[in-house]
Amino acid sequence: MAIRLEKDIIELVEEDKAVKVLATTDKDGVPHVVFKGSLNIDRDGNLIYLELLESSRTNSNLVNSIWFNKKVAVSVKSEDGRSVQIKGIPVKCHITGPVFEHYYKIISRRIQDADLAAVWVIEPEEIREETYKIRKAEEEKNHPLLLHLDRLAK
Amino acid sequence: MAVELLNKKQTELTLKEVIEKYSDISPYAIIKADVQRRTVVYSERALEAADKNIHQVQARGIFASVGEKHDYMPVSLILRDGLSILTGPVTTLRNAPYVVDKIDGKLYLTDSGELVEEVEYWYKPDFQDKLTSSGKPMWQIATARPQRLDIDPYSYCHFWDKGDGCRFCNMGANFNRSKREFNKPARLDAEDVYETVREALKQPGRFTNIKMTAGSILSGEEIFDDEVEMYIEILQAVGRNFKTKRFPSQIIASAFSEKQLARIYENTGVMSFTSDMEVLNEKLFASVCPGKSKLVGYKEWKRRIFAAVDIFGRGFVNTGIVGGVETAQPGGFTTEEDALKATLEEAEDFAQHGVSTVHCVWVPYPGSVFQNQNNPSLEYYVRLSKGLYELRKKYDLSIDMDNYRRCGNHPDSDLDRVL
């Protein structure tokens with residue numbers, strides 16, 4: 001089920017210096033994880049991924065996802081250490097038309113030899129906080145038995 | 001025969017059943033094959049949603065034209081995953097067409113009132129309404145697929161001169177009607193083509209390939225010599241627009257001799273070559289394609305395609321078949337099982353020689369000799385697509401030249417999107 005991204009998450013994904021990683025799986029479930037600086041958010045709150053290589057493994061896996069309803073994951077980490085993971089499903093692959101041409105012009109300005117292959121729209125379905133401090137606090141609250149005793153020793 | 005057909009229809013799997021049964025095959029490619037098999041019609045609301053300023057509602061093709069008399073209609077459809085569905089209304093088929101309808105602001109394929117999948121109309125290219133310096137509308141010179149520019153330099157097939165055109169083909173009928181109704185010329189002018197391509201290239205990101213096809217021209221010192229000369233003239237005109245000698249391109253032509261192929265390759269920038277076998281069976285080739293059979297012959301047509309690999313390279317030569325026409329009667333296979341087995345066995349011989357086989361979906365078009373026949377079941381097309389795709393995997397054959405984004409008319413090469 002699609003969810004709406006909060007303003008702070010959108011800002012995090014759109015941060016220039018954020019590290020963005022896209023994880024997909026192939027038809028046999030084998031994972032493929034790559035850094036994708038072109039990940040962004042569109043006006044509808046969906047993730048946008050610009051694929052520059054038509055025969056790439058990521059592009060193939062995204063096709064596999066839209067065909068067989070398989071989720072993908074995006075992990076974003078900001079310069080100040082905040083990190084979130086967004087799981088979603090590809091819902092549209094623009095290979096032509098006004099949306100494609102809009103991004104074609106943007107990417108051509110940004111990377112001189114870039115040749116846009118597809119504009120993928122990924123609908124977010126789940127967000128998971130991955131910032132260590134926040135996750136650590138949750139862990140201690142929810143699982144007080146899960147720690148080494150030496151850390152409690154006098 | 002009527003009882004047999006009724007029984008066949010009752011035992012055919014539905015779209016939903018086929019998608020469930022072939023769960024490893026793209027449901028989008030299956031939907032596409034079924035829509036092509038049954039074709040589409042448009043609701044009033046869907047037609048109103050086609051905006052002539054945005055969508056492609058006017059095109060002049062070798063097999064069909066749309067909007068010639070301002071009777072605008074969507075030229076074709078594209079699915080959410082980027083697959084094209086090349087189809088148009090044919091209401092004389094055994095199975096009722098799908099209906100494109102506008103619901104809650106979006107366009108959907110529907111079947112008996114049920115939503116099947118969201119679609120979009122093809123977008124109009126920027127050159128569409130412009131004129132060449134000779135005053136011709138550019139949409140009459142080239143047509144745009146989602147990422148491919150199509151040029152049909154010669155719109156008549158001379159195998160029809162003696163009534164020996166391919167039995168599934170309506171090119172001759174379409175040309176005669178087009179000539180009569182809107183004075184369509186048989187041959188394009190090279191300068192008009194040059195100017196149209198020049199204009200098309202001004203739209204960033206719009207095209208990845210230029211494809212040319214034409215009817216067979218039999219004249220010349222050697223058969224097809226005049227067809228070869230025509231391609232050279234038009235390809236050279238197109239090539240003037242590029243800074244490199246070679247540009248991503250394809251010709252779908254008659255089976256040229258090695259000498260003719262070398263001449264085209266050396267004198268133009270064309271990068272890939274297709275010559276259609278149409279049906280992968282020597283006996284059926286004689287009845288389905290009598291002109292090709294009489295003047296060249298099945299074995300020689302095939303040999304020439306194999307020879308093209310030495311000139312264009314492996315992965316740059318393929319052949320097209322009219323998937324399902326092998327079941328046309330009289331003479332065709334009487335079971336889908338036999339038809340599939342024979343077709344895939346012969347396709348493997350092509351693959352072993354570095355030639356891919358791609359199929360389109362046979363629609364018994366009005367105007368063709370086979371117009372009153374029935375095409376096979378959806379399951380047949382899924383198995384054919386899967387079989388051809390698996391042959392490419394087995395022999396490590398690329399289909400970049402004719403993939404979902406270049407042509408878009410082959411459910412089998414749609415499957416190659418997944419590595």
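Every number here is computed from the coordinates shown, using simple stated rules; none is lab data. Model, not experiment: these values are computed from the prediction. As a convention, Cβ positions derive from the backbone with ideal geometry for all residues, glycine included, and neighbour counts pool all protein chains shown.
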Checklist entry - Put +1 on the Cβ of every Lys and Arg and -1 on every Asp and Glu Cβ in the protein assembly as shown; which of B:Val325, B:Ser43, B:Ile264 then has its Cα farthest towards the positive end of the dipole? => result B:Ile264
Checklist outcome for this item: Note: segment B:220-353, point scatterers on Cα, Debye, no solvent; log10 I/I(0) at q = 0.10, 0.12, 0.20 Å⁻¹ equals -0.37, -0.51, -1.13
Next on the checklist: Largest first, please: the extent of the C-alpha atoms of segment B:98-161 along each principal axis, to the nearest Å.
Outcome noted: 46, 34, 18
Next on the checklist: Over chain B, with a Gaussian network built from C-alpha contacts below 10 Å, which listed residue (B:Gly172, B:Gly324, B:Gly205) shows the highest mean-square fluctuation?
Outcome noted: B:Gly205
Next on the checklist: So, R0 is 35 Å and r is the distance between the beta-carbons of A:Leu53 and B:Glu266; what FRET efficiency does that work out to, to 0.05?
Outcome noted: 0.65
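Would you mind computing the Rg to Rh ratio of segment B:104-241 from its alpha-carbon coordinates, Kirkwood style for Rh? Can you show the working numbers first?
Numbers: Rg = 18.0 Å, Rh = 17.1 Å.
Looking at segment B:104-241, the ratio lands at 1.05.
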Checklist entry - For segment B:1-159, how big is Rg over Rh, using alpha carbon atoms and the Kirkwood form of Rh? => result 1.02
Checklist outcome for this item: Farthest towards the positive end of the dipole of segment B:138-417, among B:Ala255, B:Thr335, B:Leu295 and with Cβ unit charges of +1 on Lys and Arg and -1 on Asp and Glu, lies the Cα of B:Ala255
Checklist entry - Highest GNM mean-square fluctuation, chain B, Cα pairs closer than 10 Å: which of B:Val309, B:Val317, B:Val288? => result B:Val309
Checklist entry - Once the principal axes of the Cα atoms of segment A:7-151 are found, what is the range along each, listed largest first in whole angstroms? => result 59, 34, 26
Checklist outcome for this item: Bridge orientation stat for chain B from DSSP, antiparallel percent rounded to 5, came to 50 percent
Checklist outcome for this item: Taking only C-alpha positions in the protein assembly as shown, Rg and Dmax in angstrom work out to 25.8, 103
Item to check | Cβ charges +1 (Lys, Arg) and -1 (Asp, Glu), total dipole of the protein assembly as shown, debye | outcome: 540 debye
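Students often check this: by mean Cβ neighbours within 10 Å, which of B:353-361, B:177-185, A:117-125 ranks highest, and how do the rest follow? List each step's numbers first, then the result.
Numbers: B:353-361: 25.1, B:177-185: 13.3, A:117-125: 21.4.
The most tightly packed comes first, giving B:353-361, A:117-125, B:177-185.
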Item to check | Per-residue mean of C-beta atoms belonging to partner chains within 10 Å, peptide A:65-73 | outcome: 3
Item to check | For B:Val296, distant residues with modelled amide H under 5 Å away | outcome: none
Item to check | Counting all C-alpha pairs of segment B:280-349, share separated by more than 20 Å (%) | outcome: 33 percent
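Go ahead and estimate [θ] at 222 nm for chain B from helices alone: -39,500 (n - 2.57) per DSSP H run with n ≥ 4, summed, over the residue count, rounded to 500.
Numbers: 14 runs with 148 residues, N = 419.
Helix-only estimate at 222 nm: -10500 deg cm²/dmol.
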Next on the checklist: Can you compute log10 of I(q)/I(0) for segment B:342-407 with the Debye formula, treating each Cα as one identical point scatterer, at q = 0.12, 0.20, 0.29 Å⁻¹?
Outcome noted: -0.38, -0.88, -1.22
Next on the checklist: Taking each pair of distinct Cα atoms in segment B:39-121 once, what is the resulting Kirkwood hydrodynamic radius in Å?
Outcome noted: 13.1 Å
Checklist entry - Where does chain A land at 222 nm, in deg cm²/dmol rounded to the nearest 500, when only DSSP H runs of n ≥ 4 count, each adding -39500 (n - 2.57), divided by all residues? => result -9000 deg cm²/dmol
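For segment B:138-417, what ratio Rg/Rh do Cα atoms give with a Kirkwood hydrodynamic radius? All intermediate terms of the calculation are to be shown ahead of the outcome.
Numbers: Rg = 18.0 Å, Rh = 19.1 Å.
Dividing the radius of gyration by the Kirkwood radius yields 0.94.
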Checklist entry - Peptide B:75-81: average number of partner chain Cβ atoms within 10 Å per residue? => result 4
Checklist outcome for this item: For chain A, whose charge dipole is built from +1 on Lys and Arg Cβ atoms and -1 on Asp and Glu Cβ atoms, the candidate among A:His143, A:Gln112, A:Pro98 with its Cα farthest towards the positive end is A:His143
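Which order results if B:Ser398, B:Ser413 are arranged by neighbouring Cβ count within 10 Å, fewest first? Write out the running numbers ahead of the final one.
On the way: B:Ser398 16, B:Ser413 28.
The most exposed by this proxy come first: B:Ser398, B:Ser413.
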Item to check | Computed lengthening from B:Thr244 to B:Glu20, 0.36 nm per intervening residue step minus Cα-Cα distance | outcome: 75.9 nm
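Would you work out the relative contact order for chain B, in percent, from Cα pairs under 8 angstrom that are 6 or more residues apart?
Details: 804 pairs, mean separation 65.9, N = 419.
Computed value for chain B: 16 percent relative contact order.
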